[in-house]
Amino acid sequence: MKIILRIIFCLFFGAFAFQIYAHHAFTAEFDPNAPINITGKVVKVEWINPHAWVHVEVEDESGKTVWMVEGGTPNTLIRNGITKKTLLPGTIIIVRGYQSKGRLCLPICIANGRDVTFPDGSKVFMGSSGTGAPRDGTDPRELKRE
Amino acid sequence: MLLEFSIWLSETEWSIALHESLYLYPWIESAHVLSICFFIGTLIFVDLRLMGLAFNKLSISEMNSKTLPWTIFGFGLMVLTGLLLFYAIPVRTYQNIFFRFKLFLILLGGINIFLFHRQMSKEGGKWDEENIPRSVHIKASVSLVLWAGVIISGRMIAYNWFDCDRQPQPDWVNWAASCMIELSQMEDF
């Protein structure tokens, strides 16, 4: 009887551990079916752990929209080649990524950043690799889907 | 008042250095999780022993005296690293409903520990020979539920679904997170 209870207990906590592992940040907040491709001016960069945020102002016929684009940790960004000196406010960048699930732009649009293209044409990843974001095959560091 | 304090904290040099740090923040985060393993990990086994589900051949007094130093060590490290994590991101954490709920659960857990230890110092000597009273079983199971809740709500702090800068939110969220500043800014849009 006691052994059965113990097994039930282990299964219960084991299931919890698995759920939390599977409940990943990307799928919890972002929509893999809502890819974005925006060009705009960097207005602000928040260098915050565990996710940095790049605020990009996009201008089109309807006016200006600010996008808050989530990146990896400051450490990840620097390893990928995005630093406080290369991502200065005012820089025009192209960002590919995925919009938040709500798709509401109130008061600003929110997205998860896949990669950034700088004015000189160099393209770097901004931290979504391996987080549960769609593996589009562009990042060779990502393992192929099983 | 607490909001002003959080804003002041967030503008201090070390707070900025912490949340921008390349290594220190993840190290503190990892130490926080490890300290939870020490604190709640040892606590779980004592709870299971009190409920008669594990280590039944060990006497409660021996089990307690052996695990308590680890529990206290874990608790100390947990509080220290937790304070540092709060210090790194004060305003958002202060306004986070999961953080607030977690503090509430920790308070309940603390009261439960206090009640348990008071009861143990009164009559705990008898538990090694006699049956453990039902009230202790209840305290042990309450402890398991509360600390599991603390871990879950602690993990949820990372998700920003209910953050004040994400509006519109239901009224109860804005109330529970006291999002006054964000709401007054929203009116400009």
I'm trying to understand the selection: among the residues of segment A:54-66, which are more than 14 Å from chain B (Cβ to nearest Cβ) and not β-branched (Val, Ile, Thr)?
A:Glu57, A:Glu59, A:Asp60, A:Glu61, A:Ser62
Go through A:Thr39, A:Thr27, A:Thr65 for me and flag whichever is in contact with a strand residue (DSSP E or B) (Cβ under 9 Å, 6 or more places away or on another chain), in contact (Cβ under 8 Å) with a residue 12 or more places away in the chain, hydroxyl-bearing (Ser, Thr, Tyr) and surrounded by 14 or more Cβ atoms within 10 Å (Cβ to Cβ).
A:Thr65
Among the residues in segment B:37-49, are any buried (at least 18 other Cβ atoms within 10 Å of the Cβ) and farther than 21 Å from B:His117 by Cβ?
no
Starting from segment B:5-32, take each residue that is over 15 Å from B:Leu83 (Cα atoms) and within 14 Å of another protein chain (Cβ to nearest Cβ) and list its partners that are β-branched (Val, Ile, Thr) and surrounded by 14 or more Cβ atoms within 10 Å (Cβ to Cβ), counting only C-beta distances under 9 angstrom and pairs at least six apart or across chains.
B:Glu20/A:Ile48; B:Ser21/B:Ile28; B:Leu22/A:Thr73; B:Leu22/A:Ile78
Of the residues B:Ile97, B:Ile132, B:Ile106, B:Ile89, which single one is β-branched (Val, Ile, Thr), touching a residue at least 40 places away in the same chain (Cβ under 8 Å), within 14 Å of chain A (Cβ to nearest Cβ) and surrounded by 15 or more Cβ atoms within 10 Å (Cβ to Cβ)?
B:Ile89
Suppose we keep only residues that are among the hydrophobic types (A, V, I, L, M, F, W, C) and not in a loop (DSSP other than H, G, I, E, B) within segment B:150-174. Which one would you say is surrounded by the fewest Cβ atoms within 10 Å (Cβ to Cβ)?
B:Trp172
Identify, from the list A:Gly71, A:Gly132, the residue that is in contact with a helix residue (DSSP H, G or I) (Cβ under 8 Å, 6 or more places away or on another chain), over 13 Å from A:Ile36 (Cα atoms), within 14 Å of chain B (Cβ to nearest Cβ) and at pLDDT 90 or above.
A:Gly71
Just to be sure before I move on: is B:Trp147 more than 14 Å from chain A (Cβ to nearest Cβ) and either in a helix (DSSP H, G or I) or more than 21 Å from B:Phe45 (Cβ to Cβ) (or both) in the structure I sent?
no
Can A:Thr65 be described as at pLDDT 80 or above and either in contact with a helix residue (DSSP H, G or I) (Cβ under 8 Å, 6 or more places away or on another chain) or part of a strand (DSSP E or B) (or both)?
yes
Can you pull out the residues in segment A:93-119 that are hydrophobic (A, V, I, L, M, F, W, C) and assigned to a strand (DSSP E or B)?
A:Ile93, A:Ile94, A:Val95, A:Cys109, A:Ile110, A:Ala111, A:Val116
Filter result (in contact with an Asp or Glu (Cβ under 9 Å, 6 or more places away or on another chain) and either within 14 Å of another protein chain (Cβ to nearest Cβ) or basic (Lys, Arg) (or both)) within segment A:85-101:
A:Arg96, A:Gln99, A:Ser100, A:Lys101
Hits in segment A:120-134 - residues which are of a type in the set (A, V, I, L, M, F, W, C) and not in a strand (DSSP E or B)
A:Met126, A:Ala133
Scan segment A:89-109 for residues that are surrounded by 15 or more Cβ atoms within 10 Å (Cβ to Cβ) and modelled with pLDDT of 90 or more and report the count.
8
Which numbered condition trips up B:Ile36, out of (1) in contact (Cβ under 8 Å) with a residue 60 or more places away in the chain; (2) more than 21 Å from B:Val145 (Cα to Cα)?
(2)
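The values are calculated or read from the model by the stated rules, or taken from the named source; none is laboratory data. Quick caveat: nothing in here was measured; it's all calculated off a predicted structure. Neighbour counts are summed over all protein chains in view; Cβ atoms, including those assigned to glycine, are modelled from backbone coordinates with ideal geometry.
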